[in-house]
Structures are given as structure tokens and as C-alpha cells.
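Notes for the one structure printed next.
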Amino acid sequence: MRIALTGASGMLGSDLKEVLEKDHEVLTTDVDVRDLEGVVETIHDMQPDLVIHSAAFTDVDGAESNRETAYQVNVLGTRNIAVASSNTGASLVYISTDYVFDGEKDSGYLEFDEPNPLNFYGRTKYLGELAVRDLTDRFYIVRTSWLFGRNGRNFVKTMIELAEAGHEISVVDDQYGSPTYTHDLASAMAELIERPAYGIYHITNSENCSWYEFALEIFEVLDMDVKLKPIGSEDFPRPARRPKCSILKNHNWTMEGFKPLRSYREALKDYLKREYGV
């Protein structure tokens, strides 16, 4: 399969490139997704069978103060990719987020639950979903959460850096989600695109935790003695509101017969072994 990939230098994009190149021809592009004519021309020249759109404005707090750019990249940029994919007859994979939900459902979210974003970043990603659904016929919308991987900033790296600096670390213990290793997500997506089973999918590593519990797991695997303090969200105010519970149930994934991804705990161990040799 001939695949066009945006955001190939990002945390997920780099793993997608590595995984997909084993069986497919992967063409990467750094085209400015805000430029409709440029996007249409680029995708037309590539003539892909499939477009994977992983480029995005991902600064959740930054989106609150830089709404124009977040909207242009995540909404208009996604619309442009959808138009270009449709024009060339390519199917499309769009990466979305757990932040399309408001977090009020304690049991976790199914693919058909109604989105209700709390922050502007989540709103732009949901509007991107709508653009994909309106402008293309063959699409996979993949919602995922709490990503960690080799390239780019992530929670695991931040915790380790703070610990190595000798800081006491305060971590919220009232927000719950499913940490997801980008390499595992990329491998799952490589399976998904082999079937024309189009639609919306939640794909995360199995099991869930709070940010505080995730931090505890990180330091336990690393055998680091760290001063870790649980706090409530109200004690750690940020520009963008976060959902209390953004656990994504991988319902459609399992209904299609795909094997559930391994526990985030096992994925974390592999990631730390790969990155830090533990």
C-alpha cells in the first residue's frame, strides 16, 4: 500500500513511519496543512492509497491562548487533508483524542458516546472529526489518550527529569485515563488499515490509572526513591480544563475481532527498557 503520512517527525508519527515501512511504501510530507492548495497539490502528486493525518497542534494549554493557530491547524488543516484525500480517492486515518469528552462518565467512554469537550484543544479535535466524517467516505477516526513514546515531550520523560533534579513532585490523583505507548498504537493502526472496517475506534493500551498512579508505576519500574505527593486538580490550576475521567473503552476494536492491546504497565516497562536501559 502507498501511504502518505503527515506529522512523521512527531511522537506518534515517527513510530508509525517505523512500523508501516516494514510492509508499505510510506511517503512523508511536512506541507503546511493550513494551506489548502498546497495540501491538495501535495497529496495529488503522491497519489496515495491511504493518508494518515497525525500532524496536529497538541499543546493543550497553549490552545487556550493561541486559539487561531490551534483552529487553523486542527480544524481547517484537517478539512484540507480530508478534501485532498477525497479528491485523490484515498482513504483517511485521523488521529483524535480522549479530550473530546467531558469526563463526567466514570465508567469510561465508548465510541458512540456523545462528545462534549471541556477545553479548546478538545473542541478543535472534535471539529476535525466532523470534517473527516462530512468530507470523506472511507475513514478511520482513531481516538487515543495519554501518549508516551520515544520522540517528543511526554509525561514519563517529564517525571524522570523532575526526579533527577531532586524535586518533590506533585501529581494530580483525580484524573483517570489510559496511558498509551505510541509504538503499540502504531502497530495496532497497521493492523486496522489492512481491513476496510471504516469508522470510529478507541485504541489505547489496556487498564487505566490516575496520573499519580502512573507516576508511581514509572518510579517503581525505575527503582527510584522519589518524593511524590498526590494533589487534587483544584490544587494544580492550568489554562485548559481536563476531564476527570477520559478512559476510552476499545469497544469497536474488540467487536471487529482485534486483540486488545497489552497493559500500559507492560508497555511502560518496554518503553523504559528501550529508552533508559532498565
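Before moving on, here are some points about what is shown:
- If you go through region 106-121 and pick out every residue that is touching a helix residue (DSSP H, G or I) at 6+ places or on another chain (Cβ under 7 Å) and free of Cβ contacts under 8 Å to residues at least 60 places away in the same chain, you end up with 2.
- The residue of region 119-138 that is modelled with the lowest pLDDT, among those that are closer than 15 Å to residue 79 by Cβ and of a type in the set (Ser, Thr, Tyr), is 136.
- Counting the residues of region 125-151 that are over 24 Å from residue 233 (Cβ atoms) and either open to solvent by 30 Å² or more (accessible area, probe 1.4 Å) or over 16 Å from the mean Cα position of the chain (by Cα) (or both) gives 13.
- Among the candidates 60, 33, the residue that is out of contact with any Asp or Glu (no Cβ under 7 Å at 6 or more places or on another chain), within 23 Å of residue 137 (Cα to Cα) and either modelled with pLDDT of 95 or more or open to solvent by 70 Å² or more (accessible area, probe 1.4 Å) (or both) is uniquely 33.
- Answer residue from region 14-30, given it is assigned to a strand (DSSP E or B) and not aliphatic (A, V, I, L, M) and is least open to solvent (accessible area, probe 1.4 Å) among those: 29
- Residue identified as surrounded by fewer than 24 Cβ atoms within 10 Å (Cβ to Cβ), more than 30 Å from residue 245 (Cα to Cα) and not charged (D, E, K, R) among 51, 83: 83
- If the condition is being within 17 Å of residue 140 (Cβ to Cβ) and polar (S, T, N, Q), then region 75-118 contributes 78, 85, 86, 88, 91, 96, 97.
- When the test is whether a residue is touching a residue at least 60 places away in the same chain (Cβ under 8 Å), out of contact with any Cys (no Cβ under 8 Å at 6 or more places or on another chain) and on the phi > 0 side of the Ramachandran plot, residue 166 does not pass it.
- Just one of (1) at pLDDT 95 or above; (2) surrounded by fewer than 20 Cβ atoms within 10 Å (Cβ to Cβ); (3) not basic (Lys, Arg) fails for residue 165. It is (1).
- The conditions of being open to solvent by 10 Å² or more (accessible area, probe 1.4 Å), modelled with pLDDT of 95 or more and not basic (Lys, Arg) are not met by residue 218.
- Within region 252-264, considering residues that are assigned to a helix (DSSP H, G or I) and in contact with an Asp or Glu (Cβ under 6 Å, 6 or more places away or on another chain), the one least open to solvent (accessible area, probe 1.4 Å): 264
The values are calculated or read from the model by the stated rules, or taken from the named source; none is laboratory data. Quick caveat, the model's predicted, so the values are computed rather than measured. Using ideal geometry, Cβ is built from the backbone for each residue, glycine included, and neighbour counts are taken over all protein chains shown. Surface accessibility is based on the protein's heavy atoms, side chains included, excluding ligands, DNA and RNA. Shrake-Rupley method; radii C 1.70, N 1.55, O 1.52, S 1.80 Å.
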